[in-house]
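Read the figures in this text as sums done on the coordinates, not as results from a lab. These numbers come from a predicted model, not from an experiment. Here the Cβ is made from the backbone with ideal geometry for all residues, glycine too, and neighbour counts use every protein chain on show.
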Amino acid sequence: MELHQLAYFVAVAEEGNFTRAAERLHVAQPGVSAQVRRLERELGQELLDRSGRTVRLTDVGAAALPHARAALAAVQGVREAVDELAGLVRGQVAIGAVTSAGPVGLPDLLAGFHERYPAVEITLSEANSDVMLAALREGRLDLAVVGLATGPPPGIATQVLIDEPFLAVTAPGGPLSDRTEVEIPDLGDLPLMALPKGTGLRTALDAAFARAGLTPRIAFEAADPNVLAQLAMRGLGVAIVPESLARYHRAELRIVEIVGPGLRGVLALAWRTEGPLSPAARALIAFARAAYHS
């Protein structure tokens, strides 16, 4: 029994198809089929049912699959342990960030990490905070910059990067342009522009309205708070944006403070605390925490 035979068997079982398994493994399909047959002959039992259009596990194959996966994971663990002790951190890491993460300087962080660990392959994606927190828990992301309206969910640790209030902004002469501050009920009948549901800003806004017994009247949604500010400049309503962004555009907008508790924006570094982490993921988390702590 050889490791590559176990790898071929696992790939076919997961793909349900020899051709897709071969494409995933970057080998020729006949080779995959031949090696799985050799494994079956050695074990004296068929692992796969090839009679249908989709390849299925036999009862023996279903019993063998978790052991095959465990064997492959153990070998990978040995490689990672040796690399880590030798100081050769390599592998892949997956990072997520909300669109509004610009102020935290993520490109500089990743450039510094790549300089220190050039053998680690980095992937970066954007999504709403709720999607990324789920991806962290499931192990599809190693690190993320997320917006938080409440504390992190179980199994997730965070390090706060930015904590600032949300402000209302409008065009000169637009709604509220003659006010310096408002309360949530003052916003109840106004067309508001905010980030989509699932973001930290929107969650905080909806919660603030709910505490007042109201529902926000959302006229526009945009994933980028800069777009919200630009819409407000064009007189399309009142945008709810982080304070730093509002101050940046203070020459073009009227800024109105929102009085009341809870309407704050928190950008935080997030990573999972449950389940295994690769040496590359541990190196990334440590590097990011140190970089943002300084």
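Which of the trypsin sites (Lys or Arg not before Pro) found in the range 170-220 are in a DSSP loop and have at most 16 neighbouring Cβ atoms, other than their own, within 10 Å?
The qualifying sites are 179, 197, 217.
In nm, to one decimal, how far is the residue 180 label point from the residue 289 one, both placed 7 Å along Cα→Cβ?
Placing both labels 7 Å along Cα→Cβ, they lie 4.4 nm apart.
Rounded to the nearest 20 debye, what is the charge dipole size of the range 3-85 about its Cα centre when +1 sits on each Lys and Arg Cβ and -1 on each Asp and Glu Cβ?
Here the range 3-85 has a charge dipole of around 320 debye.
Among 255, 166, 191, whose Cα lies farthest out toward the positive end of the dipole of the range 89-294, if unit charges sit on the beta carbon of Lys, Arg (+1) and Asp, Glu (-1)?
166
Counting only residues 5 or more places away or on other chains, whose amide H sits under 5 Å from the amide H of residue 49 once H atoms are built in the peptide plane?
When sequence neighbours closer than 5 places are left aside, the close amide H contacts are 56, 57, 58.
I'd like to know how the chain sits against the 2.2 N^0.38 Å rule of thumb: what's its Cα Rg over that expected value?
1.35
Which residues in the range 154-186 have a backbone N closer than 14 Å to a point placed 7 Å from the Cα of residue 234 along the Cα-to-Cβ line?
Counting backbone N atoms under 14 Å from the label point, the list is 171.
Considering only DSSP beta bridges with both partners in the chain, what is the antiparallel share in %, to the nearest 5?
55
Amide H to amide H under 5 Å from residue 181: which residues, 5+ apart in sequence or cross-chain, H placed 1.01 Å off N in plane?
HN-HN under 5 Å from residue 181: 257.
To the nearest 20 debye, what is the magnitude of the charge dipole of the range 113-265 about its Cα centre, counting +1 on the Cβ of each Lys and Arg and -1 on the Cβ of each Asp and Glu?
In debye, rounded to 20, the range 113-265 gives about 120.
Hey, got a sec? Which trypsin sites (Lys or Arg not before Pro) in the range 240-294 land in a DSSP loop and have at most 13 other Cβ atoms within 10 Å?
Here the trypsin sites (Lys or Arg not before Pro) that fit, given the DSSP loop and packing criteria, are 250.
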